[in-house]
1. Dipole size in debye (nearest 20) for the range 170-358 around its Cα centre, Lys and Arg Cβ +1, Asp and Glu Cβ -1?
2. Using the Karplus curve 6.51 cos²θ - 1.76 cosθ + 1.60 with θ = phi - 60°, what ³J(HN,Hα) values do you get for each residue of the range 268-284, in whole Hz, with x for Gly and Pro?
3. On a 23 Å Cα-Cα criterion, which of the cross-link pairs 217/254; 217/352; 217/310 come out too long?
4. Rank these for me by crowding, 318, 94, going from fewest to most other beta carbons within 10 Å.
5. Of 12, 19, 234, how do they rank once you tally other Cβ atoms within 10 Å and put the fewest first?
6. In percent, how large is the relative contact order of the range 170-358, given Cα pairs closer than 8 Å and 6 or more residues apart?
7. Hey, fewest Cβ within 10 Å first, where do 98, 201, 172 land in order?
8. Picking from 211, 225, 258, whose Cα lies most toward the positive end of the charge dipole for the range 211-260 (charges on Cβ: Lys, Arg +1; Asp, Glu -1)?
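FYI, it's all coordinate maths here, none of it is from the lab. Everything numeric in this text was worked out from a predicted model, so none of it was measured. Cβ atoms come from the backbone with ideal geometry, glycine included; neighbour counts cover every protein chain shown.
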Amino acid sequence: MNAKQKLILQEWIFIMLAWLFIMNLYSVVVIWGLDSLVDWQALQPYDNIWLVYVEPTVFGLIFGLFFAFINTLSEQTFIRKQSFSFIILVKSLLYLISLIIVYFIFFIIYTLMGILPDEIFSLATEKLDYKIYLSIIIYFVFFILVINFLVLINKKFGPGNLWNFVTGKYHSPKKESRLFMLLDLKGSTTIAEQLGHFQYSKLLQYCFHDITDIVIKYNAEIYQYVGDEVVLTWSLENGLKELNFIRLFFEFQKKLESKKEIYFSKFGVFPVFKAGIEMGEVTVAEVGEIKREIAYHGDVLNTAARIQEKCNEFHHNLLISEHLQKEINGFNHYKTELMGNIQLRGKQNPLKILAVIPNGTIDQA
């Protein structure tokens, strides 16, 4: 199971557990809360059988599956690229259809098994007015919005970061060792002048859309989007494992190459990215009041930025510091070439910088 499949599985588990809780909560409110207020003689046999307690759990599981499937479908198809209002409209319609389907499934099962005789349905129809249906709709709509809000917030902060906010993991600054990649569009000023700001923004949207699945695949975290630059970070374990921090760059490059004709047809240009990578110790802290985010502070970010600045000068798209050379030496797919002992802007001491070059055919599996 790859990283993307794990994220999807985690989302499905969260959604299904949420709907299990929501349905059982509704059952508790209706059965316990209204038991002393409602005296329906015909419903008494149904109230006393085990099904009344199992029903919300089964309903929650089935509707949770539909709900999770709809969310995943919207992320994997053309819907993903549409406006937020369009996505909400389509998903809402699909939720409504799913809800009707699940209710219909239960109705068929009850009818075939004879759990609720026809006279009970007739009595329920006579006793229930529009208020009970309205309350059910409001209840479902409210929790649909809540779950989608939590899923979207988790995507906004990045996998795992919402939990870090909730638990206050970085409320007090903490030191961590991390890898950082600063990935920047080459010739961005020229491209922006050629395309104009509107088309240039659309180009960046396409590029950052194309890197999303690759970021997930190689266990990276998107720290920031800064203009035409995206800052990626890894824990040392995730970044160094099977050279994820290197493989991500070349797979992104490969994906852009595979869509070269599409980019030329849409924008008349082909985007090429350059990157600088460094690792080291940073301080991680939750910052901001009006807008909160988790921020990384440390010299490693500045160094990665200065390394990336040298890409054009050395005519290589991927440069790393000497600290990372030893991690690459054991892999046959890549080789490094020393660019020199370079005095970086704003640094007191020179630093060895190396270019990373694919060595023959790269296995991206």
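1. With only Lys, Arg, Asp and Glu charged at Cβ, the dipole is about 240 debye.
2. In residue order, the calculated couplings are x, 9, 10, x, 10, 10, 10, 8, x, 10, 8, 10, x, 8, 10, 9, 10 Hz.
3. Beyond 23 Å: 217/352; 217/310.
4. Lowest to highest Cβ neighbour count: 94, 318.
5. By the 10 Å Cβ count, ascending: 12, 234, 19.
6. 23 percent
7. 172, 201, 98
8. 258
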